[in-house]
1. State all residues of the range 58-91 that are β-branched (Val, Ile, Thr), touching a residue at least 60 places away in the same chain (Cβ under 8 Å) and over 22 Å from Val115 (Cα atoms); if no residue qualifies, say none.
2. What are the residues in the range 100-131 that are part of a loop (DSSP other than H, G, I, E, B) and either among the basic types (Lys, Arg) or in contact (Cβ under 8 Å) with a residue 60 or more places away in the chain (or both), if any?
3. Of all residues being farther than 24 Å from Phe62 by Cβ and out of contact with any Gly (no Cβ under 9 Å at 6 or more places or on another chain) in the range 79-89, which is least open to solvent (accessible area, probe 1.4 Å)? Just the residue, please.
4. Note down all Cβ pairs under 8 Å where the first residue falls in the range 221-245 and is of a type in the set (Phe, Trp, Tyr), the second is open to solvent by less than 30 Å² (accessible area, probe 1.4 Å), and they're at least six residues apart or on different chains.
5. Could you list, in sequence order, all residues of the range 104-143 that are more than 22 Å from Arg188 (Cβ to Cβ) and of a type in the set (Gly, Ala, Ser)?
6. For the range 275-302, which residues satisfy the criterion of being within 11 Å of Ile226 (Cβ to Cβ) and either hydroxyl-bearing (Ser, Thr, Tyr) or without any contact (Cβ under 8 Å) to a residue 40 or more places away in the chain (or both)?
7. Which of the residues spanning the range 248-269 are over 17 Å from the mean Cα position of the chain (by Cα) and farther than 14 Å from Ala308 by Cβ?
8. Scan the range 267-286 and give yes if some residue there is open to solvent by 10 Å² or more (accessible area, probe 1.4 Å), within 23 Å of Phe118 (Cβ to Cβ) and among the hydrophobic types (A, V, I, L, M, F, W, C), otherwise no.
Amino acid sequence: MLRYFIVLLLFLSLSACVDRTVSEIVPSAVTVGTPETIFASTTRAREVDGSYGFRRGESLQFLETTVSIPPTHTPGTLKFSYANPNPQKEFVLTGVTELDGPRGLREHLRGQDDVTIFVHGYNSTQTETIFRAAQLTHDIGLPGSTLVYSWPSRATGYGYAYDLDSMLFARDGLEQTIRELKAMGVKRVILVAHSMGGALSMEMMRQAELQEPGWAKRNLEGVVLISPDLDLDLFRSQMKRIDNPPDPFLVMVSQKDKILNISARLRGTDEGERLGNISSIASLEEFPISVIDTTAFNSDAASSHFVAATSPALLSILSSLRRINSTFGREDRQAIDILVPPSERNPDGATEIVLTETGQAEVTTP
């Protein structure tokens with residue numbers, strides 16, 4: 001146990017060396033790189049200087065941001081600076097516009113059928129989350145528009161307890177965001193959540209289902225939980241409250257996720273397992289979900305806790321699936337249907353899909 005505390009203390013000391021509250025906006029950078037529009041809804045409080053930090057806000061705010069992706073960018077990388085950014089080599093925030101509530105967002109999304117909501121995890125600033133969403137949108141080629149749900153993370157290594165409370169605080173805002181998108185005519189809303197954002201997303205769906213059984217299926221086209229920092233027993237109890245979950249419902253895991261291993265052991269779990277690094281789907285066999293094992297891509301990923309966003313090889317596969325959909329006019333089909341046909345999946349429960357480095361999918365069911 002001691003070595004896990006040592007690793008955690010080292011992480012805390014490194015994270016304290018940089019002022020991550022700085023979000024320099026450089027409008028001229030938009031002419032240097034490739035511009036990517038990222039919308040945001042946030043429950044962070046607006047500070048005097050116009051930024052959105054870790055304090056919790058009383059209302060939901062909507063923003064439109066523009067990110068310049070550098071000409072030197074390669075898939076899976078995310079380079080940026082907190083001050084004096086270099087648009088030739090780094091992601092740069094080129095503009096932030098505060099929208100007039102849901103009405104302002106509606107004007108910008110008019111005619112959009114698809115919106116992907118990205119929910120960040122623990123220890124994240126708003127700008128970092130926007131950069132990551134821009135990188136994923138660009139590298140994979142996500143359809144429609146991308147919107148980040150920015151909840152009030154303390155954005156420090158020692159803020160885990162604060163973030164846990166903020167995650168629960170932010171449930172209503174995420175539900176409201178989805179309701180607003182559907183009310184303005186968006187046909188397909190995909191929910192993509194990373195780490196603690198997965199716990200937030202599950203809690204949000206659970207509370208909505210308690211009020212309106214079947215809510216998640218009616219309002220979400222699909223759910224993707226990436227490296228969810230979530231207890232297995234808690235996940236099971238949440239899933240039991242979700243009547244007919246969205247399809248697809250994907251859980252992306254890696255058995256070499258070091259952060260989740262530490263998270264589990266600090267909670268007293270000797271097995272060192274969270275939902276995002278499980279080694280078996282036996283305990284999930286009753287739920288109609290697909291568990292995608294990305295362990296094979298850990299070696300080329302910049303982060304073992306975010307393989308889906310930092311492995312060039314895996315991003316190439318995801319991008320290829322997206323292009324196949326577009327080329328052959330299969331927008332109505334999910335990427336999971338191309339990777340693993342429904343006939344090969346378990347119709348009554350969980351399916352485990354182990355991705356290999358060659359892009360093949362090995363399918364097993366309990």
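The values are calculated or read from the model by the stated rules, or taken from the named source; none is laboratory data. From a predicted model like this one, the values you see are computed outputs, not experimental measurements. Using ideal geometry, Cβ is built from the backbone for each residue, glycine included, and neighbour counts are taken over all protein chains shown. Just the protein is used for accessible areas: all its heavy atoms, side chains included, with ligands, DNA and RNA removed. Shrake-Rupley method; radii C 1.70, N 1.55, O 1.52, S 1.80 Å.
1. First, pick out the residues of the range 58-91 that are β-branched (Val, Ile, Thr): 65-67, 69, 72, 74, 77.
With the extra rule that they be touching a residue at least 60 places away in the same chain (Cβ under 8 Å), the set shrinks to 65, 67, 69, 74, 77.
Residues satisfying the conditions are Thr74, Thr77.
2. To start, the set of residues in the range 100-131 that are part of a loop (DSSP other than H, G, I, E, B) comprises 100, 110-113, 120-125.
Matches in the range 100-131: Arg110, Gln112, Asp113, His120, Gly121, Tyr122, Asn123, Thr125.
3. Keep residues of the range 79-89 that are farther than 24 Å from Phe62 by Cβ, which gives 79, 81-89.
If we keep only those that are out of contact with any Gly (no Cβ under 9 Å at 6 or more places or on another chain) too, we end up with 79, 81-86, 89.
Numbers: Lys79: 128, Ser81: 40, Tyr82: 54, Ala83: 56, Asn84: 126, Pro85: 22, Asn86: 61, Lys89: 126 Å².
Only one residue fits best here, namely Pro85.
4. Phe235/Met202; Phe235/Pro228; Phe235/Leu275; Phe235/Leu284
5. Those that are more than 22 Å from Arg188 (Cβ to Cβ) and of a type in the set (Gly, Ala, Ser): Gly121, Ser124.
6. Thr294
7. First, pick out the residues of the range 248-269 that are over 17 Å from the mean Cα position of the chain (by Cα): 255-256, 258, 261-269.
Those that are over 17 Å from the mean Cα position of the chain (by Cα) and farther than 14 Å from Ala308 by Cβ: Gln255, Lys258, Asn261, Ile262, Ser263, Ala264, Arg265, Leu266, Arg267, Gly268, Thr269.
8. no
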